[in-house]
Every structure is written in structure tokens, then in C-alpha cells.
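**Student:** The structure's right below; bear with me while I get my questions together.
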Amino acid sequence: MKYNGWTMAEIVDDREWQKRRKALVGCWKEHPGLNAFMLRSYVNGGPTDIFRWVRVRNYLTGSGFRTGQIKLSPDGQKLLAEARKFCEGKELPERYPVYDQPALPTREVECVG
């Protein structure tokens, strides 16, 4: 997936996402199904929003999950598969658009009235 100039810090800079993510910390062992439900409700809040899907996909492939320290429930595994499929072959919109315009002058221009 191409991020097109976006940093991960910019991608995750979303108040709703940060609130959800913090609520999940320390709860996976006891409530994996509920956590998957919370993530699903987050992406369902904007089902075509690529940023939501990228956040969820990146979260579910983080080091805790990769090392097996955190186990995904079947619902979590299904959500991860959906997130991967949704993001496959997609790109984020250009972060820093390139304009085919000449550079603006660097000195002040005096206007003639």
C-alpha cells in the first residue's frame, strides 16, 4: 500500500481512533470478542474511509499480535482479513499535491495602481 507522503503519525492523528485504541489496551486477554466488535464499529462509522481501514489493519498487525502476545478472536481474524482485502492495491490520497505551476517569486512584487 502506498501512503503517498503521509506519515503514520498523521494517519493515526484522529481523536476518535486514539480514544478507541486507548480503550483496547490491556483488554485483549479477557475481552477479545468485545475488542474486535469495538474495532468493527469504528470502521463501520466510515465503511469507505481508507484511513479507518489502514488504522485498524496496522493496529491488528502490530508487534503484540505478530509475536503472539495478543491473540485475535475469530471475529478479530475476520476483521483483519477484511481490512487487508480493503487496503489491497489501494493508495492514500496525495498528502503533498504536486502542482504544475512555476514557483512563486521569492521577492516582493510591487503592484502598480
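No lab work stands behind these numbers, since they all come straight from the coordinates. Since the model is a prediction, treat every value here as computed from it, not as a measurement. Note: ideal-geometry Cβ built from the backbone for every residue, glycine included; neighbour counts use all protein chains shown.
**Student:** Quick one: what are the phi-derived ³J(HN,Hα) couplings along region 20-25, Karplus 6.51/-1.76/1.60 with θ = phi - 60°, whole Hz, x for glycine and proline?
**Tutor:** Along region 20-25, the couplings run 4, 4, 5, 5, 7, 4 Hz.
**Student:** Residues of region 51-92 with the amide nitrogen closer than 15 Å to a label point 7 Å from the Cα of Phe37, along Cα-to-Cβ, please.
**Tutor:** Taking a point 7 Å out along Cα→Cβ of Phe37, the residues of region 51-92 whose backbone N falls under 15 Å are 73-76.
**Student:** Could I ask something else about it? How large is the dipole of region 8-87 about the Cα centre if only Lys and Arg carry +1 and Asp and Glu carry -1, each at its Cβ, rounded to the nearest 20 debye?
**Tutor:** 180
**Student:** Calculate I(q)/I(0) for region 8-87 by the Debye formula, one identical point scatterer on each C-alpha and no solvent, and give its log10 at q = 0.13, 0.15 Å⁻¹ to two decimals.
**Tutor:** -0.34, -0.46
**Student:** What dipole magnitude, in Debye to the nearest 20, does region 1-53 give about its Cα centre under +1 on Lys/Arg Cβ and -1 on Asp/Glu Cβ? All intermediate terms of the calculation are to be shown ahead of the outcome.
**Tutor:** Working: 9 positive and 6 negative charges, 30 e Å.
For this selection, approximately 140 debye.
**Student:** Sticking with this one: By how many nm would the segment from Gln18 to Gln69 grow when fully extended, if each residue of separation counts as 0.36 nm and the alpha-carbon distance is taken off? Spell out each step's value before the answer.
**Tutor:** Numbers: separation 51, 0.36 × 51 = 18.36 nm, distance 2.14 nm.
Going from the current span to full extension adds 16.2 nm.
**Student:** Something else now. Less than 30 Å apart at the alpha-carbon level, and either on another chain or at least 8 residues along: which lysines does that give for Lys29?
**Tutor:** Within the straight-line cut-off, Lys29 pairs with Lys19, Lys71, Lys78, Lys85.
**Student:** Search the structure for amide H atoms under 5 Å from the amide H of Trp6, placed 1.01 Å from N in the peptide plane, and list their residues when 5 or more places away or on another chain.
**Tutor:** Arg95
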